[in-house]
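S.K.: The structure follows.
Any read-out appearing in this document is the output of simple, stated calculations on the displayed coordinates, not a laboratory observation. Being a predicted model, the structure only gives us computed values, none of them experimental. FYI the Cβ positions are ideal-geometry reconstructions off the backbone, even for glycines, and counts take in every protein chain you see.
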Amino acid sequence: MRYPKKTVRLLCVHGPNLNLLGVREPGIYGSKTLAELNREIRSYAASRGVECRFYQSNHEGRIIDFIHRHFREADGMVINPGALTHTSYSLRDAISGTALPTVEVHLSDIHKRESFRRISVIMPVCIKQISGYGEKSYLKGIDVLVERLKKTSG
């Protein structure tokens, strides 16, 4: 007897200032708006059998509340913490505390930018960090999570 494949459910979280995509420094972050980026992610995810629940906030506590509220419904998370990457121990603790497999992503290559951007307090509680591929960073993050979930559920 064959059982239907379980749909993989991911949280896709965008941190501070990502609501300004398409306006904010397009030479660094690209010209797509957040809505366009989410449509691309949703389409790609669907092609992989993945459903995404999107969230963006400029407020650290709201991002943490979202993770706490929805982690039990998700199999993993792709998160672009924005500048919280470098400073937010409370976001790090939310990721660690939920034990949700998480991939940290960034549109720009944070390792080739200002020195303060090269340090991530989030990365040690994630299964991988992907940066520098523009919107494809998110797609690569989905791939990493799908492969990881296949290994752990098989």
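S.K.: Spelling out what I want: for every residue of the range 141-146, take phi, set θ = phi - 60°, compute 6.51 cos²θ - 1.76 cosθ + 1.60 (Karplus), and round to whole Hz; glycine and proline get x.
M.R.: Rounded to whole hertz, the list is x, 4, 4, 4, 5, 4.
S.K.: Can you bin the range 98-154 into rounded, prolate or oblate? Criterion: square roots of the alpha carbon gyration tensor eigenvalues sorted a ≥ b ≥ c, rounded for a/c under 1.5, prolate for a/b above b/c, oblate for the rest.
M.R.: Taking the square roots of the gyration eigenvalues as a ≥ b ≥ c, the range 98-154 is oblate.
S.K.: Next up: Can you give me the P(r) profile for the chain? Cα pairs, bins 10 angstrom wide beginning at 0, each as a whole percent.
M.R.: In order of increasing distance, the bins hold 11, 44, 35, 8, 2, 0 percent.
S.K.: Taking H as built 1.01 Å from N, whose amide H comes closer than 5 Å to the amide H of Arg53, not counting residues under 5 places away?
M.R.: HN-HN under 5 Å from Arg53: Leu10, Leu11, Cys12.
S.K.: GNM on the chain, C-alpha springs below 10 Å: top fluctuator among Asn17, Asn80, Asn38?
M.R.: Asn17
S.K.: Related question: Extension gain Ser115-Lys150, at 0.36 nm per residue separation less the Cα-Cα distance, in nm?
M.R.: 9.0 nm
S.K.: A further question follows. Using a cut-off of 15 Å between beta-carbons, work out the net charge of the residues near Ile122 (Lys and Arg +1, Asp and Glu -1, Ile122 not included).
M.R.: +1
S.K.: Given the options Glu114, Glu135, Glu104, state which has the largest fluctuation in a GNM of the chain using a 10 Å cut-off (strictly under) for Cα springs.
M.R.: Maximum fluctuation in the GNM of the chain, among the listed residues, is at Glu114.
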